[in-house]
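The values are calculated or read from the model by the stated rules, or taken from the named source; none is laboratory data. In this text the structure is predicted, and so the values were computed from the model without any measurement. Heads up, the Cβs are rebuilt from the backbone with ideal geometry, glycines too, and the neighbour counts pull from every protein chain shown.
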There are 2 protein chains.
Amino acid sequence: MSVQRPLQQLKKRATTSQCLHLQQKIHHKPRIWQPQARQMATVVPPVTQNSTGFKGPTAMVFMNMGGPATTDEVGGFLSRLFADGDLIPLGALQGYLGPLISRRRTPKIKKQYASIGGGSPIRKWSEYQAAEMCKILDQTNPDTAPHKPYVAFRYANPLTEEMYNRLLEDGFGKGRGGRAVAFTQYPQYSCSTTGSSLNELWKWRQRLESPTRNPNLTANEAEGSILWSVIDRWPTHPGLVEAFAENITKVLETYPEDIRDKVVILYSAHSLPMSVVNRGDPYPAEVAATVWAVQQRLGRKNPYRLVWQSQVGPSAWLGAQTSDTVKNYVQQGQKDLVLVPIAFTSDHIETLFEIDQEVIHEANELGADGRVRRAESLNGSPTFINALANLAKAHLDAGEICSRQMGLRCPGCKNEKCLAQKQFFMNQGKQDTNASLTL
Amino acid sequence: MSVQRPLQQLKKRATTSQCLHLQQKIHHKPRIWQPQARQMATVVPPVTQNSTGFKGPTAMVFMNMGGPATTDEVGGFLSRLFADGDLIPLGALQGYLGPLISRRRTPKIKKQYASIGGGSPIRKWSEYQAAEMCKILDQTNPDTAPHKPYVAFRYANPLTEEMYNRLLEDGFGKGRGGRAVAFTQYPQYSCSTTGSSLNELWKWRQRLESPTRNPNLTANEAEGSILWSVIDRWPTHPGLVEAFAENITKVLETYPEDIRDKVVILYSAHSLPMSVVNRGDPYPAEVAATVWAVQQRLGRKNPYRLVWQSQVGPSAWLGAQTSDTVKNYVQQGQKDLVLVPIAFTSDHIETLFEIDQEVIHEANELGADGRVRRAESLNGSPTFINALANLAKAHLDAGEICSRQMGLRCPGCKNEKCLAQKQFFMNQGKQDTNASLTL
């Protein structure tokens, strides 16, 4: 069946039906995810799941970009990263330029990972955060317990495919139903990050559970696929804001009391190519919302700027650049600077290498004398993990499938995968009208 | 006396001493504006002022870009606008290109003003808003009453010079002291807008009240100049957010109830050149903060985007563009769109002509069929005017001179006028160390 007709039908829906909820909300009448409709199908409960259908177990899937755990994984990581047009748009030349750039950069990037201890700590932190959050959820949300933690990385192990196969092995889907929450670990939504992870999740869901792609599935198996919902953005969640504020306060306390309020806070987020910004990507505005909320929480005692890091290549990226900002301020005599990684929740190469070993090193060479410092990443912060649990609880309690905002494509979007992905997630809980879409 | 040495001295101060308050705050120890120091000078009270010095009358000066009230004023308006490197950075060619562009654009822009009724309503609205706010303040803040409304436009009458001379005629300054509040009517701070207005205000203060520029001033006159404080940004003030939310709700109510929550809200702000964004201008992040707050207030029922309008010339500007966004969505079948002017508080050419006559007209030509609409500008909204009064009251009660953030230059700033201006305002209430700076 052609993909054209359904896509045209979806086009209207993707921009007019913006979000779904399981339950009626006070202010508006969202389309309801009908438990009845689901229960009418003969769903065999998964081995780990009881027969109540919408109760537990619940899979909590943390989505992130990931990073190579060892230097041997750097090549594979970079090749996936540069192959992803959602993250690094290289146009028609993606298939040629992507491998070329990733091969050329591999030796340099291997050295960077070697210098931060031989690999990225993001897997360790993600698995820890997910597991700890699930422990809390088991207490606070007995209805949907047990909550089972999973991690799905976009460019490193465990990849989305690996996570999905584990879900199936653990008794979810393939006729056994079960509920899974795709929980983005990017607090602010970008099509380059959360969008790319959702596209990948949708792709593997279609490959592994769509009846059209899997003609050997029985009718029951096709009917009882995993029901997905998405926590797609949480830039100003009070717990997230509190966790940032705590870590910023801690580093501010390392400065003498009489200058503490004069330290300039530089909130640093990964930049985006201007082509993505100009397409209408929501990320810059959501990062700014986080920054405003954290400043508000800190009582606006310190001056600050939102700056953007990790620009690569010759095309235009959003600024001001973190590295230039630090250099300029230090040269102007403003040496007391705190860098805050504001768009990523675990340590990664951009904090441990780029900020700690490059930006701060350069500042010291210009005479900063140790006065440029970094707030710790959220990593194992109990406040942060509690925030994750609160967020997840609110999502589960509300029966929300995604935010209203997730349904709206960027005004300049030409990516049909993105359109189909949004339509798939928004239609969760309804009949699988989208199963025939090919990838 | 050379400007060089003081500027070098200021450089450090401008980035380390970030904000001043008249009164001690709970969280931090700001530098205090010492009423005592002021009272030690022999200050002759202005004719309209009592002798308590820090009590009323208080001049409330609304700063904005302004607009030509008649088509005859368009030429002068444009020539000032294109001469302003803070707003339109044309580099070394400003003096040549500015007049050239403004002369070439004048006939076209005259027609635009003719089509919206022969002139900009911004003077009418600004004078009304300032006067109404002062009436409320006289009730809520008898200590600083009477509050006298003034308007100072950057490019149209009444210009800053005219406003300053009126202040002097009305009994402020020149030995008679008196307090004036520069209240920016741009809720979000940009060096192109509020920064440019403050540079202009500082310039005329130096020309009219600095002892060095006015050797005929007596010692008393020089000492008793106007004391300025600045309300420099208020992007998420609850009253502002409420006023926006009210007007958005009103226009949403014009759509049928069953689709009301599916209408896409497009928050539209004047764009900035990327050279200004990349210099570290705080405006994009503050506009995003407003948008987030308004969406929060509206209960996040509708999908939305923050988009940017009024790009001119060949250089790169921040996007996504408002006009392209509307065209793309309408062509995709998403015709129910509400445009919200989010960075300007009164109607102006960018709402009445660009949005109403260009963007919406084009949408209708593409088949939008009247479903693309605009939220009313704040104009005479009583909620908005109350918000202004609340903001001003909080400022007067706190004895604040400016926000902490105002003291911090952009990381890529090379504008020495900006540096000196910040230093001037931050030093208000202290001895006039800056009086010798030349312009």
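Per-residue answers, yes or no, for (1) in contact with a Lys or Arg (Cβ under 8 Å, 6 or more places away or on another chain); (2) under 19 Å from residue A:423 (Cβ atoms); (3) buried (at least 20 other Cβ atoms within 10 Å of the Cβ):
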| residue | (1), (2), (3) |
| --- | --- |
| A:131 | no, no, no |
| A:134 | yes, no, yes |
| A:139 | no, no, no |
| A:144 | yes, no, yes |
| A:150 | yes, no, yes |
| A:173 | no, no, yes |
| A:195 | no, yes, yes |
| A:203 | yes, yes, no |
| A:211 | no, yes, no |
Exercise for the section: Take segment B:86-109 and flag every residue that is under 24 Å from the mean Cα position of the chain (by Cα) and surrounded by 18 or more Cβ atoms within 10 Å (Cβ to Cβ). Expected result: B:86, B:87, B:88, B:90, B:98, B:102, B:109
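Residue-by-condition table, conditions (1) closer than 30 Å to residue B:409 by Cα; (2) in contact with a helix residue (DSSP H, G or I) (Cβ under 6 Å, 6 or more places away or on another chain):
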| site | (1), (2) |
| --- | --- |
| A:328 | yes, no |
| A:350 | yes, no |
| A:358 | yes, no |
| A:361 | yes, no |
| A:374 | yes, yes |
| A:379 | no, yes |
| A:383 | no, yes |
| A:426 | no, yes |
Problem - Inter-residue pairs, beta-carbon under 7 Å, first crowded, with 22+ Cβ neighbours inside 10 Å and in segment B:329-343, second of a type in the set (Asp, Glu) and part of a loop (DSSP other than H, G, I, E, B), 6+ apart - result: B:335/B:369
Practice task
Test residue A:251 against the stated conditions and say whether it is among the aliphatic types (A, V, I, L, M), farther than 20 Å from residue B:296 by Cβ and at pLDDT 95 or above.
Solution key: yes
Problem - residue A:354 being at pLDDT 95 or above, crowded, with 20+ Cβ neighbours inside 10 Å, of a type in the set (Asp, Glu) and under 20 Å from residue A:271 (Cα atoms) - result: yes
Handout entry: helices (runs of 4 or more DSSP H) enclosed by segment B:231-342 - at least 2 residues per element that are more than 9 Å from every other protein chain (Cβ to nearest Cβ) and closer than 25 Å to residue A:232 by Cα
Key = B:238-252, B:283-297
Exercise for the section: Check whether at least one residue in segment B:307-327 is more than 21 Å from the chain's Cα centre (by Cα) and within 22 Å of residue A:296 (Cβ to Cβ), and report yes or no. Expected result: no
Practice task
Considering each residue of segment A:378-403, count those that are within 20 Å of residue A:126 (Cβ to Cβ) and touching a Lys or Arg at 6+ places or on another chain (Cβ under 8 Å), and give that number.
Solution key: 0
Handout entry: Selection count, segment B:358-370, where residues are more than 16 Å from residue B:322 (Cα to Cα) and either small (Gly, Ala, Ser) or surrounded by 19 or more Cβ atoms within 10 Å (Cβ to Cβ) (or both)
Key = 2
Fill in the blank from the handout: Checked pairs for segment A:61-80, first at positive phi, second of a type outside the set (Ser, Thr, Tyr), C-beta under 7 Å and 6 or more apart or across chains, list as A:66/A:122; A:66/A:123; A:66/A:153; A:66/A:154; A:66/A:156
Practice task
Might you check whether a residue that is within 18 Å of the chain's Cα centre (by Cα) and not basic (Lys, Arg) occurs anywhere in segment A:211-226?
Solution key: no
Fill in the blank from the handout: Of those in segment A:377-404 that are in contact with a strand residue (DSSP E or B) (Cβ under 9 Å, 6 or more places away or on another chain) and surrounded by fewer than 17 Cβ atoms within 10 Å (Cβ to Cβ), the residue modelled with the highest pLDDT is A:394
